[in-house]
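For reference, the structure is listed below as structure tokens.
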Amino acid sequence: MTLVSEQSGATPFIPLCVPEFRGNEWSYVKACLDTGWVSSVGSYVDRFEAAMAARIGARRAVATVNGTSALHVALRVAGVETDDEVVVSTLTFIAPANAVRYCGAWPVFMDAEPKFWQMDMAKLAAFLAEGCSFSGGVLRNRTTGRLVKALLPVHILGHPVDMDPLLELARRYQLAVVEDASEALGATYKGRPVGSHGDIAAFSFNGNKIITTGGGGMITTNNEAWANKAKYLTTQAKDDPLEYCHHEIGYNYRLTNLAAALGVAQLEELDEYVAVKRRIAQRYIEALGEVSGLTCMAEAPWAESTSWMFTVRLDAAVFGMSSRALLQHLQQQGIQTRPLWEPMHLSKSQTGAMAWQMGVADELYADCLSLPCSVGLTEVQQERVITALRAATKTDRKV
Ligand SMILES: *Cc1c(COP(=O)(O)O)cnc(C)c1O
């Protein structure tokens, strides 16, 4: 799909979000090759873990092969077991929902709020109070009869979830908090890094994330025992340093030293990337803020977003085009955009999971479109996107 536009000549293709390598990536990867330390043991794995722990302000960090495996193991060490339930944002990339299922547990999907599009705290409070019964320190879902063990807020599109009310609910109902910070590395909530608020957090370094290792992930936590258990589970649960003895089923979820070398170099660039992403978002907001039928993603007063994936919401009737029609329209001009994820409660893959008071996520799914926002996006390219968007409006009334 994108290749056709790329090769069509006349108008150069503007991709949605591609990685940027302009720091120490080459030299660190070369060091791996020169020394032969390319696999899952090596100094860059240790360095990357230490740098991530420092960045998040967590006592420990454990590298993993991707963000999905980080979530899986984070849930395991947080005590999520077969037939337990975990409350998960319904408006998310599918990884956290799948990770819950890998544990044999079930997600309970929670709606998004309409302002910042993150997990709705009022609906969460209502579910815990009215949808569950709480006695003897045990929270039971009245509908399914299953035990609710954890909350899994997903900080989507680079913007933090409202964590204080969530943490208050977690304390009241004795629930573990597993943050999915995959899309929000570098963001802060009330001045503190996203990923440092819950009991444990997962990050992703997939190719489209704000920094990338090709593929990779990280678990961060202040809980030493959980971190040790995470390291153990991600390295095949080997019980003896010498002998190949295993007392549990483990996983091969290790990150290679080659990937970690990329990670160390990319993390050095993170502050700069966040600053660039925020500038791109600001330019979009200034240029598109007055367009009828179009709303730019907003930043909460308590948040510093990374604007990882800059997204707009369309009112199709006013704008004169649906989000999917606009996607096609921009694609024809060599501009790549993408829709949000099908909400988890609509996903066939999640049949059997419960959803609580849906509504907002469905609308956001229908109305939203993410715009080109690579760190390397030039002003000329962004101007082309803006011009194309303004030209697509029905009446051009306010612009
Ligand atoms: C990218 C992402 C992940 C992890 O994805 P991996 O490709 O496994 O690294 C998890 N959750 C969310 C919300 C994501 O966007």
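Each value in this text was obtained by applying a stated rule to the coordinates, not by laboratory testing. Model, not experiment: these values are computed from the prediction. We place every Cβ from the backbone using ideal geometry, glycine too, and count neighbours over all the protein chains shown.
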Any chance you could check the Cα centroid distance between the stretch 110-153 and the stretch 175-240 for me, in angstrom? 23 Å
Using only the alpha carbons of the stretch 324-398, what is the convex hull's orientation-averaged projected area in square nanometres? 7.3 nm²
In terms of Cα to Cα distance under 20 Å, which lysines are near enough to residue 229, apart from those fewer than 8 places away along the same chain? 149, 238
For residue 115, the lysines lying under 17 Å Cα to Cα, once residues fewer than eight places off in the same chain are dropped, come out as 123
Kirkwood radius from Cα pairs of the stretch 66-141 plugged into Stokes-Einstein at 20 °C, 1.002 mPa s, gives D in µm²/s equal to 162 µm²/s
Toy charge model, Lys and Arg Cβ at +1, Asp and Glu Cβ at -1: the stretch 147-295 dipole around Cα centroid in debye, rounded to 20, equals 160 debye
Net dipole in debye of the stretch 22-96 [+1 Lys, Arg Cβ; -1 Asp, Glu Cβ; about Cα centre; nearest 20]: 440 debye
Count the DSSP beta bridges whose two residues both fall in the chain, then state the antiparallel fraction as a percent rounded to the nearest 5. 60 percent
Using a basic spin-label model with each label point 7 Å from the Cα along Cα→Cβ, how many nm lie between residue 347 and residue 102? 1.3 nm
Dipole of the chain [Lys/Arg +1, Asp/Glu -1 at C-beta], most positive-end residue of 256, 166, 246: 166
Placing +1 at every Lys and Arg Cβ and -1 at every Asp and Glu Cβ, with all other atoms neutral, what dipole size does the stretch 288-374 have around its Cα centre, in debye to the nearest 20? 320 debye
Calculated SAXS-style log₁₀ I(q)/I(0) at q = 0.09 Å⁻¹ - the chain, Debye, Cα scatterers: -0.55
Inter-centroid distance (Cα atoms) of the stretch 261-276 relative to the stretch 320-355, Å: 29 Å
Any aspartates and glutamates whose Cα falls less than 18 Å from that of residue 277, other than same-chain ones fewer than 8 residues away, would be 20, 183, 268, 269, 286, 299, 304, 379, 383
A chain fully extended from residue 39 to residue 192 at 0.36 nm per residue, minus the present Cα-Cα distance, gains in nm 51.7 nm
